[in-house]
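Reviewing the structure listed below.
The values are calculated or read from the model by the stated rules, or taken from the named source; none is laboratory data. Computed from a prediction, not measured in an experiment: that's the story for all the values here. Cβ: placed from backbone, ideal geometry, glycine included. Neighbour counts: every protein chain shown.
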Amino acid sequence: MAEPAKFLTGNLFRHVSVMSLTASVGLMAIFAVDFIDMIFISMLGKAELAAAVGYAGAILFFTTSFGIGMAIAAGALVARALGAGDADTARRRATHSLIWGVGFGAVFSALVWANLAPIARAVGAKGETLDLAVGYLAIIVPSLPLLIVGMMGGAILRAHGDARRAMSATLIGGAVNAVLDPILIFGLDLELTGAALASVAARVAIAATALLPLLRHHDGLARPEAKGLAQDLAPVATIAAPAILTQLATPVGQAYVTRAMAEFGEAAVAGMAIVGRMTPLAFGVVFALSGAVGPIIGQNFGARSFARVRRAYRDALIFTALVVGIVALALFALRGPIAALFEAEGVTLTLIYLFCGPLALVWWFNGAIFVSNAAFNNLGRPLHSTWINWGRHTLGTVPPVILGAALFGAPGVLIGQAAGGVVFALVALWLARRVIDGAETRAAEPTAPFARQSRLLRLWNARF
């Protein structure tokens, strides 16, 4: 039997805390496994292997954006239906979203697989490193549909309020990867091929452990229907397409920051790389906010409980402030040991101390953008997330980084990047308030919220 919508009652701050903390555990497990994966490859003593994994990682990030976008769409649609008390629609949209996700993922992964060498060259791989990166990607890229199933399954579980099982799926996948890595890389002497096979096995595990609870515990899937599949394409695409574009903004902005930092030498780039490794581990809870808060907002939006929508949004911002404050204090207290761990000195040391000081506190504004994106995606305005993210990583990155670098050198690059984030966070906060108010106004109208997205969507619904 399907469970009632979980987030329509109870303490919202507790819901936000539980969902965010459990989601972050899964995220940080993946980050930790990736880090261990790189250590194992480095232990082989071949620099070109580690470089190949680095180039491959940049390409895999782009392919993963499809999974993130589809997961956001599935979670938003299912949470909204559950909040409205329509379990049948929730099951139908969960099923059809998964089918479309696998279909789109298969087509996209086939296109990427057929062009691996040109894509790898475009990100800078050459010579033996190019061959190694292409061989590694040739094994992993075809498994993208499995990853998409796992990510979408986790999002649907969170839409049902089942944070524990969603977390377990990623933990099990991480454990599979961590166990198989040394066996395949060293035990069977497969080196990079072994690492790729371990990643594929982890994706199989994540997909299976995300789908099974939906069937066994939530009755969350239905028999697919051709007509329903066509009808649900437009709502899925309306959220998924902007969400995918939103995710692609981050690597674009980060690529520019890396290039700007390179002007100050290898020590500066090393400092930024260390900060980059620390960031997802330190702020994993903040990274998880968008996916965690979305179902809470989505269910209450579906139930037309706008007082709870506003309270959930506010509590998420308060929760972010608490997390960032605690993490910033911890980083400040540990800045010496962290710098010693990496034997940092000169500009590298300066950048680490900068991150472990004032820049850590600025992460509240990044959290505000994540929470606002969750509101946009679940209140029927996913394009707002796209504009905010692309604005933040273009206008909010290039001009302030140029100015910061001119005024303060290498530290100014990070300062400028952070300053741009503050500006766009304030815009996101203002815009989110307007979207919530507008959603409440539209709720009184007979037109379904997602049918108001565009004339194309209305024509599609009329056709099918």
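Residues that are closer than 22 Å to Phe104 by Cα, part of a helix (DSSP H, G or I) and in the same structural domain as Ile59 (by TED's automatic domain parsing) do not occur anywhere in the stretch 215-225.
Only one entry in Phe365, Phe370, Phe355, Phe376 is in contact with a His (Cβ under 8 Å, 6 or more places away or on another chain), in a helix (DSSP H, G or I), touching a residue at least 40 places away in the same chain (Cβ under 8 Å) and assigned by TED's automatic domain parsing to the domain that holds Glu440, namely Phe376. Of everything in the stretch 334-378 that is closer than 24 Å to Val427 by Cα and at pLDDT below 85, the residue that is surrounded by the most Cβ atoms within 10 Å (Cβ to Cβ) is Asn378.
Considering only the stretch 68-170, give the helices (runs of 4 or more DSSP H) lying wholly within it that have at least 2 residues that are more than 20 Å from Leu248 (Cβ to Cβ). First the steps, then the outcome.
Numbers: elements: 87-114, 116-122, 127-140, 144-159.
In the stretch 68-170, the matching helices (runs of 4 or more DSSP H) lie at 87-114, 127-140, 144-159.
Looking across the stretch 246-286, just one residue is within 24 Å of Gly69 (Cβ to Cβ) and not in a helix (DSSP H, G or I), and that is Phe283. Number of residues in the stretch 82-101 that are closer than 20 Å to Gly69 by Cα and either surrounded by fewer than 19 Cβ atoms within 10 Å (Cβ to Cβ) or in contact with a Lys or Arg (Cβ under 7 Å, 6 or more places away or on another chain) (or both): the value is 1. Filtering the stretch 178-213 to residues that are touching an Asp or Glu at 6+ places or on another chain (Cβ under 9 Å) and closer than 21 Å to Arg165 by Cβ leaves Ala178, Pro213.
Kindly provide the set of residues from the stretch 71-88 that are within 22 Å of Ala375 (Cβ to Cβ) and either in contact with a Ser or Thr (Cβ under 7 Å, 6 or more places away or on another chain) or of a type outside the set (A, V, I, L, M) (or both), ordered by number.
Step one: of the stretch 71-88, the residues within 22 Å of Ala375 (Cβ to Cβ) are 71-86.
The answer is Ala73, Ala74, Gly75, Leu77, Arg80, Ala81, Gly83, Gly85, Asp86.
Across the stretch 213-263, the number of residues qualifying as within 22 Å of Phe62 (Cα to Cα), in contact with a helix residue (DSSP H, G or I) (Cβ under 9 Å, 6 or more places away or on another chain) and not hydrophobic (A, V, I, L, M, F, W, C) comes to 10.
Residues of the stretch 178-226 that are surrounded by fewer than 20 Cβ atoms within 10 Å (Cβ to Cβ) and basic (Lys, Arg): Arg216, Arg223. Here Gly284 qualifies as crowded, with 21+ Cβ neighbours inside 10 Å and at pLDDT below 85.
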